[in-house]
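The values are calculated or read from the model by the stated rules, or taken from the named source; none is laboratory data. Given the structure is predicted, the values throughout are model-derived calculations rather than measurements. Neighbour counts run over all protein chains shown; Cβ positions are idealised from the backbone, glycine included.
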């Protein structure tokens, strides 16, 4: 017997979708199975590791703790939505340049969490970066290169904003 289903309308990485989903389907499963956006990883399935982090209306959330029906009408950004026109974002380039990843399993969660920080707190200091990223677990890097990557991305984002403002 099939479960109860609902139609949801959602924008993911700027693309509108309308899908019928079972009300008990987790957001992470909806993204991976229904939309084939597999960059959002399934880790602990308890909201502890942060591998499934996405941006919901600009705020980072654990997609393993939400049902897809809860995001009806929302705007989501997954790790796939960070790059523009095939070009890595400033943050993604900084992770690459600072070796902020090793196996890469945790990277999508770190990137989306850091993206929120950069947009919310463009003048964040190291302690704020560490505090923001504390909810994401990594077993490979030791975190220092991740923090350095976010610091670099913050500096480059400020520089780009300043240059853009001076051109206006």
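Just to be sure, is residue 126 more than 19 Å from residue 77 (Cβ to Cβ), surrounded by 13 or more Cβ atoms within 10 Å (Cβ to Cβ) and not assigned by TED's automatic domain parsing to the domain that holds residue 60? Break it down into steps so the answer makes sense when it comes.
Details: more than 19 Å from residue 77 (Cβ to Cβ): yes; surrounded by 13 or more Cβ atoms within 10 Å (Cβ to Cβ): no; not assigned by TED's automatic domain parsing to the domain that holds residue 60: yes.
Here the answer is no, as residue 126 does not meet what is asked.
Would you pick out the residues in the range 14-38 that are in contact with a helix residue (DSSP H, G or I) (Cβ under 7 Å, 6 or more places away or on another chain) and either within 14 Å of residue 113 (Cα to Cα) or in a strand (DSSP E or B) (or both)?
Residues satisfying the conditions are 19, 21, 26.
Among the residues in the range 51-59, are any within 30 Å of residue 157 (Cβ to Cβ), outside any strand (DSSP E or B) and without any contact (Cβ under 8 Å) to a residue 40 or more places away in the chain?
yes
Keeping to the range 62-88, report how many residues are out of contact with any strand residue (DSSP E or B) (no Cβ under 8 Å at 6 or more places or on another chain), closer than 13 Å to residue 39 by Cβ and assigned to a loop (DSSP other than H, G, I, E, B).
Number of matching residues: 2.
Take the residues in the range 76-92 that are within 16 Å of residue 148 (Cβ to Cβ) and touching a residue at least 40 places away in the same chain (Cβ under 8 Å); name whichever of them is surrounded by the fewest Cβ atoms within 10 Å (Cβ to Cβ).
Out of the qualifying residues, it is 90.
Do we find that residue 38 is surrounded by fewer than 17 Cβ atoms within 10 Å (Cβ to Cβ), without any contact (Cβ under 8 Å) to a residue 24 or more places away in the chain and over 20 Å from residue 83 (Cβ atoms) in this structure?
no
Scan the range 121-137 for residues that are within 12 Å of residue 60 (Cα to Cα) and either assigned to a loop (DSSP other than H, G, I, E, B) or free of Cβ contacts under 8 Å to residues at least 12 places away in the same chain (or both) and jot them down.
Those that are within 12 Å of residue 60 (Cα to Cα) and either assigned to a loop (DSSP other than H, G, I, E, B) or free of Cβ contacts under 8 Å to residues at least 12 places away in the same chain (or both): 135, 136.
Quick check on the range 42-61: of everything there that is within 15 Å of residue 81 (Cα to Cα) and in contact with a strand residue (DSSP E or B) (Cβ under 9 Å, 6 or more places away or on another chain), which residue is surrounded by the most Cβ atoms within 10 Å (Cβ to Cβ)?
53
Which one of the conditions (1) more than 22 Å from residue 131 (Cβ to Cβ); (2) modelled with pLDDT of 95 or more does residue 84 fail to meet, given that it meets all the rest?
For residue 84, the failing item is (2).
Let's see how each residue does on (1) without any contact (Cβ under 8 Å) to a residue 12 or more places away in the chain; (2) surrounded by fewer than 21 Cβ atoms within 10 Å (Cβ to Cβ); (3) assigned to a helix (DSSP H, G or I):
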site: 105; (1), (2), (3): no, yes, no
site: 109; (1), (2), (3): no, no, yes
site: 149; (1), (2), (3): no, no, yes
site: 155; (1), (2), (3): yes, yes, yes
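Out of 47, 3, which single residue is assigned to a loop (DSSP other than H, G, I, E, B), closer than 24 Å to residue 121 by Cβ and at pLDDT below 95?
The conditions single out 47.
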